[in-house]
Number of protein chains: 2
Amino acid sequence: MASRARISPPSTRSAKARPARRAPGRYHHGDLRRALIEEAVLTIQQQGVEGLTLRSVAERLGVSRTALYRHYRDKGALLAAVAREGFRAFGDTLAEAFAAPGGGPAGFQAMGRAYVRFAVTHPAHYRVMFGGFLDACNRDPELVAEAERSFAALTGAIVGLQRAGLLCPDDPARLARHVWAVSHGVAMLAIDGQLRGADPDEEMQYAIDRLLTGIRKM
Amino acid sequence: MASRARISPPSTRSAKARPARRAPGRYHHGDLRRALIEEAVLTIQQQGVEGLTLRSVAERLGVSRTALYRHYRDKGALLAAVAREGFRAFGDTLAEAFAAPGGGPAGFQAMGRAYVRFAVTHPAHYRVMFGGFLDACNRDPELVAEAERSFAALTGAIVGLQRAGLLCPDDPARLARHVWAVSHGVAMLAIDGQLRGADPDEEMQYAIDRLLTGIRKM
DNA sequence: ACCTGAACACCGTTCAAGT
DNA sequence: ACCTGAACACCGTTCAAGT
């Protein structure tokens with residue numbers, strides 16, 4: 001079960017390794033659409049979502065300020081593209097984490113750990129995905145579809161555990177929302193650096209332990 | 001136990017009831033410092049934190065664009081003031097909710113419900129408090145003190161339940177972080193409108209039930 | 001003390017024009 | 001098709017000047 005979507009590691013491209021601008025002779029950029037996403041992610045990682053500026057992204061790519069509008073309707077569309085890429089990799093990550101130990105309780109726990117690890121590893125994507133910057137862009141149907149696929153991975157795991165008699169028989173969607181809330185809470189605290197030095201992995205494992213004892217059938 | 005800090009209801013002041021600009025003859029604004037906070041909260045409620053503009057706040061108050069700098073160093077300082085006011089009311093709300101039923105398990109549950117209700121009732125404050133807009137302003141010692149007081153209310157309730165033998169004997173700070181993560185998760189989903197029509201109060205009550213079964217001594 | 005208006009260096013976005 | 005440069009309507013912030 002190979003991963004379908006991987007996000008290229010952000011720190012791979014140092015400012016030195018990357019060509020600051022395209023060769024002046026070249027007219028068309030190789031794959032500007034992709035480059036814009038990557039540069040946006042890089043900027044968000046360094047400066048936060050607030051610090052993301054279309055002008056600086058263009059300059060760092062050695063491209064005119066308006067070149068972006070050939071590929072994205074506006075700034076929100078670029079953020080939506082980042083979120084879509086994030087949800088795609090996120091859904092894959094969750095599904096793989098669940099499947100790797102053969103599903104079941106071990107898979108459920110692995111999925112929870114993978115959730116927080118994804119947020120910590122790709123904070124820029126996670127913030128755009130869940131930070132509420134997409135209000136107006138939520139209509140992008142592909143984005144919604146990817147988000148729902150991620151959520152479906154969680155719900156599916158829950159239904160499986162219920163069938164095995166390991167979880168209480170509450171509405172799976174309700175259980176999934178609760179698990180989601182716990183995971184999201186831990187992820188946000190970790191990303192915002194509010195765990196005061198505590199290890200996010202260990203923090204999430206603790207949350208899972210407390211969570212499971214609560215939702216499993218007694 | 002009367003409340004020490006109350007946030008004036010935002011919808012009280014309609015655009016019509018409020019004087020759009022101060023009387024042109026009057027030179028000094030009555031209490032610009034306070035008015036700036038209230039207008040900022042109002043704007044955030046209507047347009048989101050992203051939509052908060054010092055220029056629009058000044059215009060809505062009938063004041064020059066630079067008048068703000070007599071009271072706050074910059075935009076971040078104004079947001080910090082909003083957050084400080086929020087944390088103050090938040091800490092009071094949590095403490096009162098805990099005390100009202102006489103503390104104990106009922107107080108703990110009431111505190112959890114009050115947490116989410118505060119977020120839903122004062123989303124503008126909550127977003128500024130926990131939305132990560134305060135990175136550079138976290139040095140404001142009064143803000144930090146108010147935030148710690150809020151967290152202490154939670155930790156105190158946990159320690160009380162532990163002494164009564166109702167909670168597992170884990171490190172109170174660790175337990176508090178977990179409870180915080182769950183509450184924060186539910187609050188964020190509620191604020192972001194991602195509960196898909198589910199009632200936030202009921203959602204939080206469900207989370208508390210699942211949470212308690214997990215963390216109480218068996 | 002408190003407020004003002006002009007000014008500066010930034011934004012996102014549009015549009016006619018280039019290749 | 002894809003990119004450019006000038007332009008427009010916005011930002012936050014500074015500063016000399018007013019009362």
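Every read-out reported here was derived from the displayed coordinates using simple, explicitly stated rules and does not represent laboratory data. These numbers come from a predicted model, not from an experiment. Positions of Cβ are generated from backbone atoms using ideal geometry, with glycine treated the same way; all protein chains shown enter the neighbour counts.
For this structure, a couple of remarks:
- Considering all C-alpha pairs of segment B:51-124, those separated by over 18 Å amount to 54%.
- Mean partner shielding of peptide B:173-184, defined as the number of other chain Cβ atoms within 10 Å of each residue Cβ, is 6.
- Applied to segment B:39-50, the Karplus parametrisation 6.51 cos²θ - 1.76 cosθ + 1.60 on θ = phi - 60° returns per-residue 3J(HN,Hα) values of 5, 5, 4, 4, 5, 4, 4, 8, 10, x, 5, 4 Hz, with x for Gly and Pro.
- Between A:ASP31 and A:ALA145, full extension at 0.36 nm per residue minus the direct alpha carbon distance yields a gain of 38.6 nm.
- Computed over segment A:79-190, Kirkwood Rh from alpha-carbon pairs, angstrom: 14.2 Å
- Label-to-label distance for A:TYR69 and B:ARG174 is 5.6 nm, based on points extended 7 Å past Cα in the beta-carbon direction.
- Per-copy distances of the B:THR213 label point, shortest first, in nm (7 angstrom along Cα→Cβ): 1.4
- Compactness of segment A:99-152 as Cα Rg over 2.2 N^0.38 Å, two decimals: 1.34
- With a simple spin-label model that places each label point 7 Å from the Cα along the Cα-to-Cβ direction, the separation between A:ARG163 and B:ARG163 comes to 5.0 nm.
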